[in-house]
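The next block holds one structure in the form of C-alpha cells; read it before the comments.
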Amino acid sequence: DTMRRVVRQSKFRHVFGQAVKNDQCYDDIRVSRVTWDSSFCAVNPRFVAIIVDASGGGAFLVLPLHKTGRIDKSYPTVCGHTGPVLDIDWCPHNDQVIASGSEDCTVMVWQIPENGLTLSLTEPVVVLEGHSKRVGIVAWHPTARNVLLSAGCDNAIIIWNVGTGEALINLDDMHVDMIYNVSWNRNGSLICTASKDKKVRVIDPRKQEIVAEKEKTHEGARPMRAIFLADGNIFTTGFSRMSERQLALWNPKNMEEPIALHEMDTSNGVLLPFYDPDTNIIYLCGKGDSSIRYFEITDESPYVHYLNTFSSKEPQRGMGFMPKRGLDVNKCEIARFFKLHERKCEPIIMTVPRKSDLFQDDLYPDTAGPEAALEAEEWFEGKNADPLLISLKHGYIPGKNRDLKVVKKNILDNKPAGNKKSDLISAPKKAADASNPQNDAKLEEILKELKCIKDTISNQDERIAKLEQQMAKIGD
C-alpha cells in the first residue's frame, strides 16, 4: 500500500504555486481586522472584492482585476452597512452583483457598474432584513438565479428570493449553537452546515428537514468547516481533542464512520477549504498560516491524497478563490488565489507544468458557466438542475450582450411585473411618497453629475473643432 501511495499516478502531482510580481499585487489596502473566520475576499473574472477597515460602519473594496498597484486611500468603497461587513459573495450568474452580510443584522445586494466604481456606493439594490443578530455567512445558490442564503448568529438560515426581496425559507430551529459555515451541494438541492455543537448537518431546505447528521464530527472545540463535493460526499476540517488539525471525508448516507480521517499539525488557525469540482482538488488555507496545502480526492484508498504545499513568508489574513472561467487556460493555470496580507492582496497562481502549448482538455473539463439553470421560482417549487457547463477551449470571454441580458433579467428590484390598471392608479401616490429628502439629495447629485458630464462634452467639442481647424490649415 505504501508503495502504491508513493508512485500514485496523478496529473496534479507536480502542481506548483507562484506568487505574482509585486506590481501585479493590490497594495496599500487596510484589510479588515474583524475577528471572524470568513475569507474576507471574493473574486470573479471581472473584479476582486476585499472587506476593509472602515470607521463608523462596514465597507468593502471592489477593484477591477487589472487595477493592480497602489490603491489610493480615497478609492471609492461599497459602504452602505452601519456595522462591519463579515462576509461577501459574488453572484455566480452575474459578475456585477455581490452580496454582503454584516454585524448590522442585514444582508445587502449590490450592483457594481461594468467598469468598477467611480464613486462610493451607498445604495444597495435591495436590503434583506430578517436576522436578529449579525449575519456572518452569505452564499448564492449554485444553479438558480437570484436565490441567496444567509446565516446569522441568531442560529437561523434564511433563503431569499433576491428578485423580489423576500425571505422564502427560514430555518430557525435546526441549530442550537453558532453556525460556522454553510455549503450548497452541486445542484443546490441540499445544504450542509458545521456548527459550534460539533455537529455536521445535511439539510433539505425546501422540505425544511435534516436528512443526516453527525455528532462530534471533530472532537476539538475550535471551529470546523464542512463542504459538499461534486459526488455528494462531504469534506470537513476541524480539530482533534488534542487540538491537532484534522481533515475528514464523509458519506452522508452513512455518517457513522468517516471514509478517511487525517491528522495534520498543531497549528490553531481555522482551515478554510476551497474546492475545485472539475479537478477534485481541495486547497486548505489556514487563517494565520503562510501556506496553502492541496489534496486530490479520489475513490481509491486513502481517498484524500496529499499533493503538495505552497509556502510563503507572510501569514494570510484571508483568501479569495477565482472561479474556473477566470483562469488563464493557455498557461495551464488550474487555480488562482488572492491572498490577503495586512496591507495588500497578492495573487497566487497554481499551474500544472506542461510542455505543449495546446489546450489541455484533461485539465479543463467543461465547467460551470455564468448562465443560471433555473429561475428562483422554479427552484422554490421543487425543481433541481445541475450547473450549465461551458467549454474553456478558447478561454472565457464575458459576452457584452449576455451581460446586459443578465442584468435586465436581474433588475434585482421588487417592483411587480406588468402595468396592470391598479398599478397605474397607485403610481402617482407612490411618486408622492418617494419625494423624501434622501431622494431629493440623490436627484441633485445625479443632476450635478449630468451637468458635469455635459460640460466635459462641450469642452471636448470645442477642442475637437479647434483641432479640426488646425488640421485643415495644415492640409491647405
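The values are calculated or read from the model by the stated rules, or taken from the named source; none is laboratory data. Since the model is a prediction, treat every value here as computed from it, not as a measurement. Glycine also receives a Cβ, built like all others from the backbone with ideal geometry; neighbour counts cover every protein chain displayed. Side chains included, ligands, DNA and RNA excluded: accessible areas come from the protein's heavy atoms. Shrake-Rupley method; radii C 1.70, N 1.55, O 1.52, S 1.80 Å.
Give me a count of the residues in the range 97-120 that are in a loop (DSSP other than H, G, I, E, B), in contact (Cβ under 8 Å) with a residue 24 or more places away in the chain and not acidic (Asp, Glu). Reasoning before the result, please.
First, the residues of the range 97-120 that are in a loop (DSSP other than H, G, I, E, B): 103-105, 112-120.
Those left that are additionally in contact (Cβ under 8 Å) with a residue 24 or more places away in the chain: 103-105, 112, 114-120.
Next cut, not acidic (Asp, Glu) only: 105, 112, 115-120.
So the answer is 8.
Just need a number here: residues in the range 373-390 that are modelled with pLDDT under 95 and either in contact with a strand residue (DSSP E or B) (Cβ under 6 Å, 6 or more places away or on another chain) or surrounded by fewer than 15 Cβ atoms within 10 Å (Cβ to Cβ) (or both).
1
Looking at the range 395-410, is at least one residue loosely packed, with under 10 Cβ neighbours inside 10 Å, of a type outside the set (S, T, N, Q) and modelled with pLDDT of 85 or more?
no
Pull up the range 267-297, narrow it to residues that are polar (S, T, N, Q) and in contact (Cβ under 8 Å) with a residue 24 or more places away in the chain, then point me to the one that is nearest to Ser240 (Cα to Cα). First the steps, then the outcome.
At the first step, the residues of the range 267-297 found to be polar (S, T, N, Q) are 267-268, 279-280, 290-291.
Subset that is in contact (Cβ under 8 Å) with a residue 24 or more places away in the chain: 268, 279-280, 290.
Details: Asn268: 11, Thr279: 28, Asn280: 25, Ser290: 22 Å.
Step by step, filter the range 267-297, then rank; the result is Asn268.
What strands (runs of 3 or more DSSP E) completely inside the range 261-332 contain at least 2 residues that are more than 23 Å from the chain's Cα centre (by Cα) and farther than 22 Å from Ala42 by Cα?
Strands (runs of 3 or more DSSP E) meeting the threshold: 304-311.
This table checks each residue for (1) in the same structural domain as Ile51 (by the TED database); (2) touching a Pro at 6+ places or on another chain (Cβ under 8 Å); (3) at pLDDT 95 or above.
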position: Trp90; (1), (2), (3): yes, no, yes
position: Leu117; (1), (2), (3): yes, yes, yes
position: Val125; (1), (2), (3): yes, no, no
position: Arg145; (1), (2), (3): yes, no, no
position: Glu166; (1), (2), (3): yes, no, no
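In the set Arg325, Arg343, which member is crowded, with 19+ Cβ neighbours inside 10 Å and closer than 28 Å to Leu86 by Cα?
When all the criteria are applied, what remains is Arg325.
Being under 19 Å from Pro84 (Cα atoms) and within 16 Å of the chain's Cα centre (by Cα) narrows it down to one of Asn146, Asn181, so name that one.
One residue alone meets the criteria, Asn181.
So Tyr275 passes all but one of these: (1) farther than 23 Å from Thr298 by Cα; (2) of a type in the set (Ser, Thr, Tyr); (3) touching a Leu at 6+ places or on another chain (Cβ under 7 Å). Which condition number does it fail?
Checking Tyr275 against (1) farther than 23 Å from Thr298 by Cα; (2) of a type in the set (Ser, Thr, Tyr); (3) touching a Leu at 6+ places or on another chain (Cβ under 7 Å), the one that fails is (1).
Give the number of residues within the range 127-154 that are more than 23 Å from Asp95 (Cα to Cα) and open to solvent by 30 Å² or more (accessible area, probe 1.4 Å).
Going through the range 127-154, the residues more than 23 Å from Asp95 (Cα to Cα) turn out to be 129-134, 152-154.
Adding the requirement that they be open to solvent by 30 Å² or more (accessible area, probe 1.4 Å) leaves 129-130, 132-134, 154.
Of the residues in the range 127-154, 6 are more than 23 Å from Asp95 (Cα to Cα) and open to solvent by 30 Å² or more (accessible area, probe 1.4 Å).
Which residue is nearest to Ile137 (Cα to Cα), if the candidates are limited to the range 218-227 and must be open to solvent by 10 Å² or more (accessible area, probe 1.4 Å) and assigned to a loop (DSSP other than H, G, I, E, B)?
So the residue we want is Pro223.
Kindly list the number of the only condition in (1) modelled with pLDDT of 70 or more; (2) surrounded by 10 or more Cβ atoms within 10 Å (Cβ to Cβ) that fails for Ala434.
Condition (1) is where Ala434 drops out.
Report yes if Ser32 is touching a residue at least 24 places away in the same chain (Cβ under 8 Å), crowded, with 23+ Cβ neighbours inside 10 Å and closer than 21 Å to Arg145 by Cα, otherwise no.
Judged against the criteria, Ser32 is not a match.
Which of the residues spanning the range 106-131 are in contact with a Gly (Cβ under 6 Å, 6 or more places away or on another chain) and within 20 Å of Ser74 (Cα to Cα)?
Listed by number, the list holds a single entry, Thr122.
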